[in-house]
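This report refers to the structure that appears directly beneath it.
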Amino acid sequence: MRCLSTFFIVVFLTLCPSFCFREHPRYFVPAFFEPVTGANGSTWSTELHLQNTGNVEQTIRFRLFPHSGVRCSVDSVLMRTGEEKILTSLGCHSIDGKSEQLLAAIEILSGADVQVSARILQTVGGVTRLMATEDVLARTNLYAHRRRIRLATVERRHSIGLVNPSSVAIAIRLQRSDKLEAQQVILAPGSSAQLFNFLAGAAAKDVTLTATSEGAFYLYDSAIEVQTGRLTLTPGDTPD
């Protein structure tokens with residue numbers, strides 16, 4: 001019996017391709033706009049690019065963290081060898097009749113041979129232009145209980161993005177270096193939020209934001225340069 005078991009193990013190891021033993025990585029896209037209304041009649045949207053570079057079919061699965069008042073649903077995506085797909089919708093819609101910010105963060109579960117990228121676009125007067133190529137982050141060590149980010153205030157508009165990946169609500173304390181009082185944000189389970197014009201009226205040229213919570217979360221800054229309209233997304237780091 002032992003010899004027979006050994007035989008089957010040898011056969012399995014010989015015949016099973018390398019993908020049988022690969023871990024399926026998780027990727028993270030901080031902000032997916034679908035589409036949302038911006039200043040001066042602009043519309044912001046996101047294109048999520050997927051490409052299967054491997055030799056086998058891949059099933060791509062998604063975990064969505066929608067903005068407050070928004071519900072999102074997207075089916076898994078089956079991709080053939082060499083296939084490319086562009087997703088422009090995650091099926092997000094308002095559930096409170098008021099929210100216009102159809103925004104979500106995404107975790108992507110895929111095979112190791114799937115390449116993921118995201119582009120943020122702005123449309124004004126029927127003209128669409130690329131505003132940013134969004135960083136697609138690895139899932140490992142993504143969430144933390146404490147994050148810090150430095151924000152340059154001159155000629156920039158800042159929005160702070162927060163993501164709660166857990167199954168319970170969490171309270172996040174936001175402390176600005178230019179203010180004594182802190183701000184608290186409650187995030188529902190499995191949701192995201194964006195605090196628009198976060199530094200409006202700030203007198204200092206640079207402000208450091210420190211965020212803390214008993215539950216692990218993700219923090220990023222979305223900054224738009226007033227003169228050029230250029231968008232920059234910056235993740236918060238983990239303080240020493």
Taking the condition of being in a loop (DSSP other than H, G, I, E, B) and under 20 Å from PHE28 (Cα atoms), how many residues in the stretch 205-240 meet it? 2
So is GLY201 within 23 Å of ALA39 (Cβ to Cβ) and modelled with pLDDT of 90 or more or not? no
For residues that are on the phi < 0 side of the Ramachandran plot, outside any strand (DSSP E or B) and open to solvent by 30 Å² or more (accessible area, probe 1.4 Å), tally how many sit in the stretch 47-82. 11
One residue is enough: does the stretch 176-185 have a residue meeting the conditions in a loop (DSSP other than H, G, I, E, B) and touching a residue at least 40 places away in the same chain (Cβ under 8 Å)? no
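In the list ALA193, ALA202, which residue meets the criterion of being assigned to a strand (DSSP E or B) and surrounded by 15 or more Cβ atoms within 10 Å (Cβ to Cβ)?
ALA193
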Among (1) under 29 Å from SER159 (Cα atoms); (2) modelled with pLDDT of 90 or more - the single one MET79 does not satisfy: (1)
Hey, can you tell me all the residues within the stretch 178-190 that are open to solvent by less than 80 Å² (accessible area, probe 1.4 Å) and not acidic (Asp, Glu)? ALA182, VAL185, LEU187, ALA188, PRO189, GLY190
Scan THR228, THR238 and give me the residue that is open to solvent by 70 Å² or more (accessible area, probe 1.4 Å) and touching a Lys or Arg at 6+ places or on another chain (Cβ under 9 Å). THR238
Collect the residues in the stretch 128-153 that are in a strand (DSSP E or B), charged (D, E, K, R) and farther than 30 Å from ALA203 by Cα, keeping them in residue-number order. ARG129
Selected residue (criterion: surrounded by the fewest Cβ atoms within 10 Å (Cβ to Cβ)) from residues of the stretch 134-163 that are under 22 Å from ILE120 (Cα atoms), touching a Ser or Thr at 6+ places or on another chain (Cβ under 8 Å) and not aliphatic (A, V, I, L, M): SER159
For the structure I just gave you, tell me whether VAL29 is among the β-branched types (Val, Ile, Thr), over 19 Å from LEU103 (Cβ atoms) and at pLDDT 90 or above. no
When (1) touching a His at 6+ places or on another chain (Cβ under 7 Å); (2) open to solvent by 40 Å² or more (accessible area, probe 1.4 Å) are applied to LEU103, the one that fails is (2)
Of all residues making up the stretch 205-225, the number that are over 22 Å from THR37 (Cα atoms) and open to solvent by less than 60 Å² (accessible area, probe 1.4 Å): 12
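The values are calculated or read from the model by the stated rules, or taken from the named source; none is laboratory data. Fair warning: this is a prediction, and the values are worked out from it, not measured in the lab. For neighbour counting, all protein chains shown are included, and Cβ atoms are generated from backbone atoms with ideal geometry for every residue, glycine included. Heavy atoms of the whole protein, side chains included, go into the accessibility calculation; ligands, DNA and RNA do not. Shrake-Rupley method; radii C 1.70, N 1.55, O 1.52, S 1.80 Å.
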